[in-house]
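Trainee: Below are the structure tokens for one structure; questions will follow.
The values are calculated or read from the model by the stated rules, or taken from the named source; none is laboratory data. Keep in mind it's a predicted model, so treat the numbers as computed, not measured. Because the Cβ atoms are built from the backbone with ideal geometry, glycine has one as well, and the counts that use them run over all protein chains shown.
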Amino acid sequence: MEHSFFDAFHSYTVEEQQEQIKKALGATRGNLPHTWISPEDIAVDPIYFKKPKPKKQDITSPPVNWKRTQRICIESDSDLAIKEINDALDAEIDCIHFFVSEEVNDLGIVPTTLKDSKRDFLFVFKEIPSKSILTQLSALENVELGIDFYGQYAQQAYWKASAEMSHENWFSFMKSTVGKGLFINASLYANAGANLLQQIAFALSHMNAYLSLMDEKSIAFPSKIHVQLALGSNYFFELAKLASFRSLAEIMIKEYSHTLELLITAEPLQRNKTTTDYNVNILRTTTEMMSAVLGGANRVMNHSYDLRFNQPNAFGDRIARNQLHLLKYESYFDELPNVMDGSYYLEALQEEMKEKAWALFLEIEQHGGWLTAIESNNIQSKIEKARQEEARQFKEGALVLVGTNKYTTASSLNAEIKTIVPRAAKKKAMFTPLETFYLS
């Protein structure tokens, strides 16, 4: 065509457009009206414009083949997990994340149940697994093993044996295990109350603690690094958080290794899940999993809506799986192009998040790194400040949880809740442990 359809329209400068917006929204002075400030001190404007950049914005494309993932815990009696495993396999789940407690010395028939399956399996151990368990798992295909002993230390606030012994055991595990992977549970920061920038920075520092340790001890890097991140209900911010973390993490990985593949597992935040009008948790996890897919998670691990107050059950697990099936097959979330590309709002969010999170990461590293920051309560104090501010907003109604502090019903307020009591610590804490704090 000789002329474009858009040639008939007048081209306005950014300044002219801003003036028109101010008039339309009733502004008389100052910046654009209806701007709000996030807990991360990010100013959100009502409209965004394309900014000229010296090079194309680094926007991470979401994996097309993201995998529906189910979380299964194996406690002292592994046979109790068999029904959950069979249900997950029958439901055509793509991947299972097993979380194995320290009480498990034998996996029973779990390996046999998984033997002929082509799904992916990640076994995350709370303690270094025994030789018998490693032997049981060695015959399986598509299986990876991991243990976040630094994450366990942050949650327990003490070494089970000693710092030296814990490190040596982990070194041995990483040197000898077939199918080993580096696993980092970065969800613990979000569930403790950290804001989004803190979550990115602390996860980066946590990862750097492992990478620098392996580099220092000349331990061969595994082919993959698994990072688990929790996502809340701030839809666009969470989407940008995932993309920002991946971008910064891949920069860090290249400084150590060009072959280490980053796999992000996204799961729902527990901090914002409620016991009053608890069915609303289904809506929360749905938007959180949508952010996970669009933000570029490799594995999307949904949780049951009643996880907070109920034991694992077939109904809750089925609902959680069906949410992922609906996103993949009925909402076509496995066929979407890069939705962030060309969204000026998301590009601006990601750009600011990366800049501020990286600055916080550098601050931690300049003061001794992740381990020093945990043992000195530096990370905990930053999270405490963010958590108190969020709690204040929730109490005053600025932060809304539907069915809890707004739009409550008599039935929800009188609901009988079965609370699962956490285990008591066995040793005296050396610092403030990272724990999950609920908003309500």
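Trainee: Return the only residue of Leu371, Leu346 being modelled with pLDDT under 95, surrounded by 14 or more Cβ atoms within 10 Å (Cβ to Cβ) and farther than 13 Å from Glu40 by Cα.
Mentor: Leu346
Trainee: Is the range 336-352 home to any residue that is among the polar types (S, T, N, Q), outside any strand (DSSP E or B), under 18 Å from the mean Cα position of the chain (by Cα) and over 30 Å from Lys50 (Cβ atoms)?
Mentor: No: zero hits.
Trainee: Which residue is nearest to Phe99 (Cα to Cα), if the candidates are limited to the range 160-176 and must be free of Cβ contacts under 8 Å to residues at least 12 places away in the same chain and not in a helix (DSSP H, G or I)?
Mentor: Ala161
Trainee: Sticking with this structure for a sec: Is there a residue being in contact (Cβ under 8 Å) with a residue 40 or more places away in the chain and over 30 Å from Lys217 (Cα atoms) anywhere in the range 245-267?
Mentor: Yes, that holds for at least one residue.
Trainee: Considering each residue of the range 200-237, count those that are among the basic types (Lys, Arg) and under 30 Å from Val402 (Cβ atoms), and give that number.
Mentor: 0
Trainee: Do you know which residues across the range 66-83 are closer than 13 Å to Thr113 by Cβ and either more than 23 Å from the chain's Cα centre (by Cα) or loosely packed, with under 15 Cβ neighbours inside 10 Å (or both)?
Mentor: The first filter runs over the range 66-83 and keeps only residues closer than 13 Å to Thr113 by Cβ, leaving 72, 74, 78-83.
Hits for the range 66-83 are Ser78, Asp79, Leu80, Ala81, Ile82, Lys83.
Trainee: Another question about this same structure. Could you please let me know if Ile93 is more than 25 Å from Ser172 (Cβ to Cβ), part of a loop (DSSP other than H, G, I, E, B) and touching a residue at least 40 places away in the same chain (Cβ under 8 Å)? Please lay out each step first, then the result.
Mentor: Numbers: more than 25 Å from Ser172 (Cβ to Cβ): yes; part of a loop (DSSP other than H, G, I, E, B): yes; touching a residue at least 40 places away in the same chain (Cβ under 8 Å): yes.
So Ile93 passes the test.
Trainee: Limited to the range 177-228, what total is found for residues that are polar (S, T, N, Q) and part of a helix (DSSP H, G or I)?
Mentor: Residues meeting the conditions: 7.
Trainee: Follow-up question, since we're still on this one. Which residues, counting only those in the range 229-268, are under 19 Å from Leu324 (Cα atoms) and either out of contact with any helix residue (DSSP H, G or I) (no Cβ under 9 Å at 6 or more places or on another chain) or part of a strand (DSSP E or B) (or both)?
Mentor: Leu229, Ala230, Leu231, Leu263, Ile264, Thr265, Ala266, Glu267, Pro268
Trainee: How about the range 6-65: which of its residues are acidic (Asp, Glu), at pLDDT 75 or above and either in contact with a strand residue (DSSP E or B) (Cβ under 8 Å, 6 or more places away or on another chain) or part of a loop (DSSP other than H, G, I, E, B) (or both)?
Mentor: Glu40, Asp41, Asp45
Trainee: I need the full set of residues from the range 410-439 which are touching a Gly at 6+ places or on another chain (Cβ under 7 Å) and modelled with pLDDT under 90, in order please.
Mentor: Result: Ser412, single match.
Trainee: Using beta carbons and a limit of 9 Å, which pairs, at least six apart or on different chains, have the first residue in the range 370-382 and outside any helix (DSSP H, G or I) and the second one of a type in the set (Phe, Trp, Tyr)?
Mentor: The qualifying pairs are Ser376/Phe431; Asn377/Phe431.
Trainee: If you go through the range 295-335, how many residues are assigned to a loop (DSSP other than H, G, I, E, B), closer than 30 Å to Lys83 by Cβ and among the hydroxyl-bearing types (Ser, Thr, Tyr)?
Mentor: 3
Trainee: Quick one: Ala357 ticks every box in (1) modelled with pLDDT of 95 or more; (2) more than 19 Å from Ser187 (Cβ to Cβ) except a single one, so which number is it?
Mentor: Here Ala357 clears every test but (2).
Trainee: May I pose another question? Taking Leu231, is it within 12 Å of Ala292 (Cβ to Cβ), surrounded by 18 or more Cβ atoms within 10 Å (Cβ to Cβ) and not small (Gly, Ala, Ser)? Quick ask: steps written out before the conclusion?
Mentor: Values: within 12 Å of Ala292 (Cβ to Cβ): yes; surrounded by 18 or more Cβ atoms within 10 Å (Cβ to Cβ): yes; not small (Gly, Ala, Ser): yes.
The answer is yes for Leu231.
Yes/no matrix, rows are residues, columns are (1) farther than 27 Å from Asp334 by Cβ; (2) in contact (Cβ under 8 Å) with a residue 60 or more places away in the chain; (3) outside any helix (DSSP H, G or I):
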| residue | (1), (2), (3) |
| --- | --- |
| Ile82 | yes, no, no |
| Phe98 | no, no, yes |
| Asp106 | yes, no, yes |
| Pro111 | yes, no, no |
| Ser117 | no, no, yes |
| Phe123 | no, no, yes |
| Pro129 | yes, no, yes |
| Thr135 | yes, no, no |
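Trainee: Another one. Residue check: is Leu263 touching a strand residue (DSSP E or B) at 6+ places or on another chain (Cβ under 7 Å) and surrounded by fewer than 23 Cβ atoms within 10 Å (Cβ to Cβ)?
Mentor: Criteria met by Leu263.
Trainee: Could I ask something else about it? Please go through (1) buried (at least 21 other Cβ atoms within 10 Å of the Cβ); (2) within 30 Å of Thr432 (Cα to Cα); (3) of a type in the set (Asp, Glu) for Glu365 and return the number of the only condition it doesn't satisfy.
Mentor: (1) is the only condition that Glu365 fails.
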